[in-house]
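S.K.: Sending over a structure as structure tokens; questions will come in a sec.
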Amino acid sequence: KMEERYLRMMHELKPLGIIYTCNPSHCFMDTIEELAEKIPIVIINNQNEHLNVDAVELDNSKLGRVMAKHLLELGHRKVAYIAPPLTARQKQRSKRVEGFLKEYEKAGLRDQVIIKAAKEEIDLDAHIDSEYKIGYELTKELLNETTDVTAIVGLNDMIAFGVMDALYEAKIKVPADVSVMGCDNTLFARMHNMNLTTIEHFVTFKGRDACDIIMKKIA
């Protein structure tokens, strides 16, 4: 509903450009293409193959593969992957998980990966600490189910911080007992007392590149 309201406003607002930070809803695809003929639009995410609009994309599948390769090289065989809701709208999340699973499958260890994803309702009522809570609560759930994972991956750094807190509460040492990995290289991951391995994928460049495309189109 919010997306529809904003899209209706665009004809009156006549902005110089529009940046979408997630894939548009399927029901608005035609609207986006029509708007793109009049106003430069850039989508930051995974471009939908049916949508003829400029996009700044990140190869999320590759990110997942990089994470898996690193853990496999360190000898981690039984691992858990904790993620937010893996919905059709947020394809980048699923792509990251898929890439991770493919690497473990190649090593013949697909059945050694436990995937724990949050329920879809969380996206409908998201708060600033939602991702942290996902990491924290799903790790507590995981620890009740199994004790033999040697590494836990958070889909992003905020989830990984929740993972670390749940392990700390359970008196499990990181990384001595269980390794934790995140993704995004957020500010907190770079703090000296954090034992968090993470991946830098230059997220700010995506915003810069989106602006660059819009400015070129305006010119």
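The values are calculated or read from the model by the stated rules, or taken from the named source; none is laboratory data. Note that this is a predicted model, so its numbers are computed, not measured. Methodologically, a virtual Cβ is constructed for each residue, glycine included, from the backbone with ideal geometry; neighbour enumeration extends over all protein chains shown. For accessibility, only protein heavy atoms count, side chains too; no ligands or nucleic acids. Shrake-Rupley method; radii C 1.70, N 1.55, O 1.52, S 1.80 Å.
S.K.: Mind listing just one residue for me: the one in segment 118-138 that is out of contact with any Lys or Arg (no Cβ under 8 Å at 6 or more places or on another chain) and under 14 Å from residue 80 (Cα atoms) and, of those, surrounded by the most Cβ atoms within 10 Å (Cβ to Cβ)?
M.R.: Out of the qualifying residues, it is 135.
S.K.: Evaluate the following for residue 68: is it open to solvent by 20 Å² or more (accessible area, probe 1.4 Å), touching a strand residue (DSSP E or B) at 6+ places or on another chain (Cβ under 9 Å), free of Cβ contacts under 8 Å to residues at least 60 places away in the same chain and of a type in the set (A, V, I, L, M)?
M.R.: Details: open to solvent by 20 Å² or more (accessible area, probe 1.4 Å): no; touching a strand residue (DSSP E or B) at 6+ places or on another chain (Cβ under 9 Å): yes; free of Cβ contacts under 8 Å to residues at least 60 places away in the same chain: yes; of a type in the set (A, V, I, L, M): yes.
No, not satisfied.
S.K.: Another question, if that's okay. Output the residues belonging to segment 35-93 that are farther than 22 Å from residue 123 by Cα and touching a Cys at 6+ places or on another chain (Cβ under 7 Å).
M.R.: Passing the criteria: 63, 67.
S.K.: Counting only residues that are part of a helix (DSSP H, G or I) and within 13 Å of residue 197 (Cα to Cα), which one in segment 142-158 is least open to solvent (accessible area, probe 1.4 Å)? Can you show your working first?
M.R.: First pass over segment 142-158, keeping only residues part of a helix (DSSP H, G or I): 142-145, 157-158.
Going one step further and asking which of them are within 13 Å of residue 197 (Cα to Cα), we end up with 157-158.
On the way: 157: 1, 158: 62 Å².
Only one residue tops the list, namely 157.
S.K.: Now a separate question. Quick one: residue 38 ticks every box in (1) open to solvent by 80 Å² or more (accessible area, probe 1.4 Å); (2) part of a helix (DSSP H, G or I); (3) free of Cβ contacts under 8 Å to residues at least 24 places away in the same chain bar one, so which box is it?
M.R.: (2)
S.K.: Checking residue 12 against (1) in a helix (DSSP H, G or I); (2) modelled with pLDDT under 90; (3) of a type outside the set (S, T, N, Q), only one condition comes out false. Which one?
M.R.: (2)
S.K.: Is it the case, given these coordinates, that residue 75 is surrounded by fewer than 18 Cβ atoms within 10 Å (Cβ to Cβ), under 17 Å from residue 152 (Cα atoms) and among the small types (Gly, Ala, Ser)? Show your work before the answer.
M.R.: Values: surrounded by fewer than 18 Cβ atoms within 10 Å (Cβ to Cβ): yes; under 17 Å from residue 152 (Cα atoms): yes; among the small types (Gly, Ala, Ser): yes.
Judged against the criteria, residue 75 is a match.
S.K.: If you don't mind, another one. Working only within segment 44-55, note down all residues that are out of contact with any helix residue (DSSP H, G or I) (no Cβ under 8 Å at 6 or more places or on another chain) and not acidic (Asp, Glu). Quick ask: steps written out before the conclusion?
M.R.: Step one: of segment 44-55, the residues out of contact with any helix residue (DSSP H, G or I) (no Cβ under 8 Å at 6 or more places or on another chain) are 47, 49, 55.
Listed by number, the residues that qualify are 47, 55.
S.K.: Of all residues in segment 1-30, which are out of contact with any Ser or Thr (no Cβ under 7 Å at 6 or more places or on another chain) and open to solvent by less than 50 Å² (accessible area, probe 1.4 Å)? Quick ask: steps written out before the conclusion?
M.R.: Let us first name the residues in segment 1-30 that are out of contact with any Ser or Thr (no Cβ under 7 Å at 6 or more places or on another chain), namely 1-2, 4-6, 8-30.
Within segment 1-30, 10, 15, 17, 18, 20, 22, 23, 24, 25, 28, 29 qualify.
S.K.: May I pose another question? Could you figure out which of (1) open to solvent by less than 30 Å² (accessible area, probe 1.4 Å); (2) not in a helix (DSSP H, G or I) isn't true of residue 61?
M.R.: Looking at each condition in turn, residue 61 falls short on (2).
S.K.: For residue 108, all conditions in the list (1) part of a helix (DSSP H, G or I); (2) of a type in the set (Gly, Ala, Ser); (3) open to solvent by 30 Å² or more (accessible area, probe 1.4 Å) hold save one; what is the number of the exception?
M.R.: (1)
S.K.: Among 185, 195, which is of a type outside the set (Ser, Thr, Tyr) and either surrounded by 13 or more Cβ atoms within 10 Å (Cβ to Cβ) or modelled with pLDDT of 95 or more (or both)?
M.R.: Details: 195 fails: either surrounded by 13 or more Cβ atoms within 10 Å (Cβ to Cβ) or modelled with pLDDT of 95 or more (or both).
Unique residue meeting the criteria: 185.
S.K.: Using the structure shown, decide if residue 167 is over 20 Å from the mean Cα position of the chain (by Cα), buried (at least 18 other Cβ atoms within 10 Å of the Cβ) and of a type outside the set (Gly, Ala, Ser). Break it down stepwise before answering.
M.R.: Working: over 20 Å from the mean Cα position of the chain (by Cα): yes; buried (at least 18 other Cβ atoms within 10 Å of the Cβ): yes; of a type outside the set (Gly, Ala, Ser): yes.
Here the answer is yes, as residue 167 does meet what is asked.
S.K.: On to the next question. Kindly establish whether residue 54 is farther than 16 Å from residue 183 by Cβ, charged (D, E, K, R) and surrounded by 14 or more Cβ atoms within 10 Å (Cβ to Cβ). Reasoning before the result, please.
M.R.: Working: farther than 16 Å from residue 183 by Cβ: yes; charged (D, E, K, R): yes; surrounded by 14 or more Cβ atoms within 10 Å (Cβ to Cβ): yes.
So residue 54 fits the description; yes.
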